[in-house]
Amino acid sequence: MSGTIVALSTSTATMAGINIVRMSGEKAKSIADQIFESKSIKNKVMSPNHMYLGNIKTDKFTEKAFCVYYKKPKSYTGEDVIEFHCHGGALVANAIVELCLEKGCRPAQAGEFTQRAFFNGKLDLSQAEGIMEIISATNQSQLIQGYKLMHGEVSKGIYDMEQRLLRLMANLEVRLDYPEETEDEPDLEYQEEIKDIIQRIKILLKNAKYAKTINEGVDVAIVGLPNVGKSSLLNGLIMQDRAIVTDIAGTTRDVISHTIELDGIKINILDTAGIRESRDKIERMGIERTKESIKAAEIVIFVTDLSQPETKEEREIEKLIKDKKVIRVANKKDIEKYPRKQSLYIKANPPRDIQAVKEELLRLAERDKIFSNEIIFTNQRHIHCLKKAKELLENTLEEFSLVGAECNLVGLREAYGWLAKITGHDISESVAKEVFSTFCVGK
Ligand SMILES: Nc1nc2c(ncn2[C@@H]2O[C@H](COP(=O)(O)OP(=O)(O)OP(=O)(O)O)[C@@H](O)[C@H]2O)c(=O)[nH]1
Ligand SMILES: [Mg+2]
């Protein structure tokens with residue numbers, strides 16, 4: 001973690017108007033003084049937090065760029081930081097990075113800027129991970145969770161439990177050291193405290209079930225008999241002519257998938273082949289895939305046709321979806337002949353009433369819960385640490401009821417250790433490095 005580092009902090013993946021090259025470390029300021037010239041810098045001394053317009057001379061061209069100096073410790077990394085805001089394009093940025101390297105920088109490793117911020121106490125580990133989640137978010141719900149992490153809402157809850165455990169351990173140690181003086185103290189209070197912390201962790205772990213929805217989205221399969229309007233409904237939901245729609249039963253043979261974002265929630269919709277007895281080999285294979293899609297889906301939209309009477313095949317489908325969250329959609333309400341109870345009546349082609357289906361999808365995906373103020377752990381590292389802490393606390397509680405205050409203090413200490421790994425209050429440099437290695441270069 002030593003040396004002055006440099007990296008391109010923006011991306012050259014797409015054509016952009018500007019790029020930002022960033023340096024951090026002891027030499028950052030002196031390197032900037034050597035390579036950046038500006039008439040606005042009074043007495044050749046750059047003031048912190050000012051944006052100067054000037055020139056960077058490379059051996060091939062002179063780049064007109066902005067430079068900002070952040071003086072330590074009031075910078076992102078806690079060290080002296082220089083940012084050059086230059087014209088877009090990989091060639092300009094790379095030439096500036098090269099120049100910084102020539103003057104004594106080394107290339108930054110993945111996540112090294114944030115890693116330095118962490119080791120300099122600018123943020124804790126879960127806040128650093130929050131920054132990464134914000135950068136890599138692909139849907140609104142992920143972004144919101146990233147912000148909660150970055151703003152320290154998650155750390156606050158964990159920190160509170162860490163402090164309670166520390167107090168508990170300190171009290172128990174006193175009891176062990178001075179048994180006579182403390183023999184009248186009731187065990188109950190200590191047990192209640194451990195129980196309460198376990199209860200808090202349980203709630204956090206319960207909310208962690210939303211991690212899949214937030215990170216990967218909800219898998220939704222549209223199923224039903226052939227020709228009921230499944231593909232029409234897919235096209236209506238995604239507002240695109242994605243799947244072929246015809247009046248020939250058995251049009252869709254393979255599973256067609258499409259992802260949309262509904263009110264901040266990622267929804268992966270699968271349109272499937274209609275289920276029926278078929279002699280056609282390809283159609284039969286398609287139906288097998290429909291069954292696999294049902295198994296994998298969290299929500300099933302079961303489409304029926306209001307112009308057709310209910311059949312025993314429909315009841316077969318009911319059996320396949322009995323363990324799923326189901327939205328029953330009765331389609332073709334414009335030509336209704338046979339009413340269906342407890343279904344949403346819609347017209348899928350041309351699309352009408354699709355909003356009602358969307359609202360039901362969001363209700364079953366528990367969107368309101370995901371966007372509530374509650375803390376939801378979405379990071380597998382954090383969830384693992386919580387599970388470990390809970391396990392150790394449960395063991396300790398059991399021992400407490402058997403042997404009292406001589407309970408496994410080591411167990412309590414280990415439980416504390418697992419919680420402190422979330423915030424990074426108790427983490428080895430190698431583990432921290434491993435976490436930061438998943439970050440991108442320049443962050
Ligand atoms: N009248 C009416 N016709 C509809 C409606 N929705 C779909 N259709 C028609 O029903 C036929 C079948 O529609 P699809 O969307 O292809 O049905 P599907 O369930 O995907 O059919 P398969 O892929 O064969 O299983 C087409 O001719 C559609 O135009 C509707 O709301 N009203
Ligand atoms: Mg179809």
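Every number here is computed from the coordinates shown, using simple stated rules; none is lab data. In this text the structure is predicted, and so the values were computed from the model without any measurement. Backbone-built Cβ (ideal geometry, glycine too); neighbour counts: all protein chains shown.
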Separation between Cα centres of region 124-159 and region 314-328, rounded to whole Å: 37
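Taking 35 Å as R0, compute the FRET efficiency from the Cβ-Cβ separation of ARG279 and GLN240 and round it to 0.05. Walk me through the numbers on the way to the answer.
Values: r = 33 Å, r/R0 = 0.93.
For ARG279 and GLN240, the calculated efficiency is 0.60.
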Region 1-110: trypsin sites (Lys or Arg not before Pro) in DSSP coil with no more than 13 other Cβ atoms inside 10 Å: LYS39, LYS60, LYS74
Distance (nanometres) between label positions extended 7 Å along Cα→Cβ at SER30 and ARG352: 7.7
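When only C-alpha pairs under 8 Å and at least 6 residues apart count, what is the relative contact order of the chain, in percent?
Once divided by the residue count of the chain, the mean separation gives 17 percent.
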Of all DSSP beta bridges in the chain, antiparallel share, percent nearest 5: 60
Region 223-244 residues near the modelled ILE335 label - backbone nitrogen below 17 Å, point 7 Å along Cα→Cβ: 225-233
Non-local Lys pairs in region 257-354, i.e. 8 or more apart or on different chains, that have alpha carbons under 18 Å apart: 22
Whole-Å distance, taken between Cα centres, linking region 193-230 and region 384-443: 25
For region 214-370, with +1 on Lys and Arg beta carbons and -1 on Asp and Glu, the positive-most of ALA221, ILE317, LEU270 along the dipole: ILE317
Size of charge dipole - the chain - debye, nearest 20, with Cβ of Lys, Arg +1 and Asp, Glu -1, no other charges: 2280
Partners for LYS72 among aspartates and glutamates (Cα-Cα distance below 14 Å; same-chain residues under 8 apart left out): GLU26, ASP80, GLU83
Among VAL403, VAL300, SER232 - extreme Cα towards positive end, dipole of the chain, charges at beta-carbon: SER232
Pairwise label distance in nanometres, GLU316 with ASP247, each label 7 Å out on the Cα-Cβ vector: 2.6
Label point 7 Å beyond Cα of ASN120 along Cβ direction - residues of region 17-41 with amide nitrogen under 12 Å: 23-29
Label-to-label distance, nm, for residues given as LYS57 and LEU205 (7 Å Cα→Cβ offset): 6.5
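I need the GluC sites (Glu not before Pro) found in region 35-131, filtered to DSSP loop residues with at most 10 other beta carbons within 10 Å of theirs.
Of the GluC sites (Glu not before Pro), not one in the loops of region 35-131 has a Cβ with at most 10 other Cβ atoms within 10 Å.
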Computed magnitude of the charge dipole of region 5-122 (debye, nearest 20; Cβ of K, R +1, Cβ of D, E -1): 360
